[in-house]
Each structure stands twice: as C-alpha cells, then as structure tokens.
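Bear in mind these aren't lab numbers, they're just calculated from the coordinates by the rules spelled out. All of these numbers come straight from a predicted model, not from anything done at the bench. Cβ coordinates were reconstructed from backbone atoms using ideal geometry, including for glycine residues, and neighbour counts include every protein chain displayed.
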Amino acid sequence: MLNRWYATKIAREWNVPAGGVGYVTRFDVQRSYLDRYDVHQVGGRDVLEYWIPAEELDAFNDHIVGAIVEEADYRGPVDDQEFTDAEVALGRALPAAWRSYLQGGSWLRRGWMTTGAYVWLNTPRQTIELGDVSGDDTHPGIAIIGGDGAREQLVLDLRSETMPVLLVDLTSGGWDSAIRQADDVSEFVSRVEAGTFEFTFAG
C-alpha cells in the first residue's frame, strides 16, 4: 500500500475484525528494487499497492531501508463488562462518548497524528490499573484515559459534570495545573479520528 489512508482502511476494516488488532506501519524500500514491480490501482484513485509475490518477500525485506515505524495501532471493541468493572471501581460512569468510541468497530490504541502529536489511549481496565499504580491523591476523581506515551497524561475529572479532557503531569500538586485539551470527550475523539489532535502545553 502506498499511502496511510489506504493502509488505515485495511487495518481498521479487515485486520481488526479478523484478529482484534490492526497495525499501520511505514518504511522505505530501495527504489531500484521497487522499479521491478508495477503499481496497481485496485479501487479509487488513492487505492494503490505493489503486488509482491510471497516467494519474493525475503528479497523484499532485504531491500527495506532504515527502521520500520509503527504509525498506528487499532483495536476492536471493548466489552460491556470491562466498562462496568471500571465504573464500579471509579464510582461513576465514564462519558457515553468514550464508551461509544471504544465499543465501535475499531478505535485508535496509539499512533501519530498529522500534527506530529503521538497519542496513546487506554482501555477502561488500563484506566483503573494506572490509577492504582500512580497512587495519586492530589487529583481526586481522576480517570487516566491516555497520554503522550511518556510523562503527560490525558485525563478526565470525574467530579465535573462536563468532563473536559485535560492534560496532567501526575507529579504536579493538583488540578490547578491541569491544561484543557478538549471541551468534552466527543470533541477529543473527533480530533483524534481526524488526525488533527495536538497537545496544548500552556493554559
């Protein structure tokens, strides 16, 4: 596949239903090697791919240049019981929009946005586990729904009726330093799906 749009379509519509997970990867191949093969258009204008015979895959792999980069990891629906268990542990229901996203046909587990931001999202079970591990008593009502894959955490304040998506450093002194990332989960999910989400690091 020659573009991320088509690779994402295959990962989400074929791989996730078949195996529960779909990956989008990016890598370079020596042009002199690829020139042996024709580009095939197998649908719309952007549905382009090379057809490499299975018996030639070892040679193909030998001509990959540099690292193979994981652009995105998509997962299948989270079951009702996991949400129920998490909501019992949290003492409050997670936003309906979050349940809808994680229980849809596929959702982004982690990956790069077109903005250059790297987003990592958590299942309800992971939200509970991360809350237990962090032992955070400076952010009462916290639900860690994701992060940047490093130190910064995307969270909900379950004490709030609107539950905006906030960015929190768990070593901070409390909610006063939280930075709003989206007004609510629906807005956040829309921007993630469009690839336009980017972190705001200043209030």
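Tabulated results
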item: Point-charge dipole on Cβ atoms (K/R +1, D/E -1) for the stretch 97-203, about Cα centre, debye to 20; result: 380 debye
item: Contact order relative to length of the chain, as percent, for alpha carbon pairs under 8 angstrom and 6 or more apart; result: 15 percent
item: Within the chain: Cβ-based charge dipole about Cα centre, in debye rounded to nearest 20 (Lys, Arg +1; Asp, Glu -1); result: 360 debye
item: Interchain or long-range residues, amide H under 5 Å from Asp184's placed H; result: Val165
item: Shape call, the stretch 75-146: gyration tensor on alpha carbons, a/c limit 1.5; result: oblate
item: Compactness relative to 2.2 N^0.38 Å, alpha carbon Rg of the stretch 76-194; result: 0.98
item: Most fluctuating residue given options Thr84, Thr115, Thr123, as computed from a GNM of the chain linking Cα atoms under 10 Å; result: Thr115
item: Under-5 Å amide H pairs with Arg110, H placed in peptide plane, nonlocal only; result: Asp73, Leu121
item: Pair Thr196, Trp14: separation of 7 Å Cα→Cβ label points (nm); result: 3.0 nm
item: Candidates Leu90, Leu57, Leu48: whichever shows maximal mean-square fluctuation once the chain is modelled as a Gaussian network with Cα springs under 10 Å; result: Leu57
item: Relative exposure of Phe83, Phe27, Phe197, judged by other C-beta atoms within 10 Å (fewest first); result: Phe27, Phe83, Phe197
item: Candidates Asp183, Asp85, Asp62, ranked by Gaussian network fluctuation over the chain, Cα under 10 Å, top entry; result: Asp62
item: Extended-chain gain in nm, criterion 0.36 nm per residue less alpha-carbon gap, Ala97 and Tyr23; result: 24.3 nm
item: Scaled radius of gyration (Cα, divided by 2.2 N^0.38 Å) that the stretch 1-128 gives; result: 1.33
item: Two-site FRET efficiency, Asp137 against Asp79, from Cβ-Cβ distance with R₀ of 30 Å, rounded to 0.05; result: 0.50
item: Hydrodynamic radius (Kirkwood) for the stretch 9-73, which is based on Cα pairs only, to one decimal in Å; result: 13.6 Å
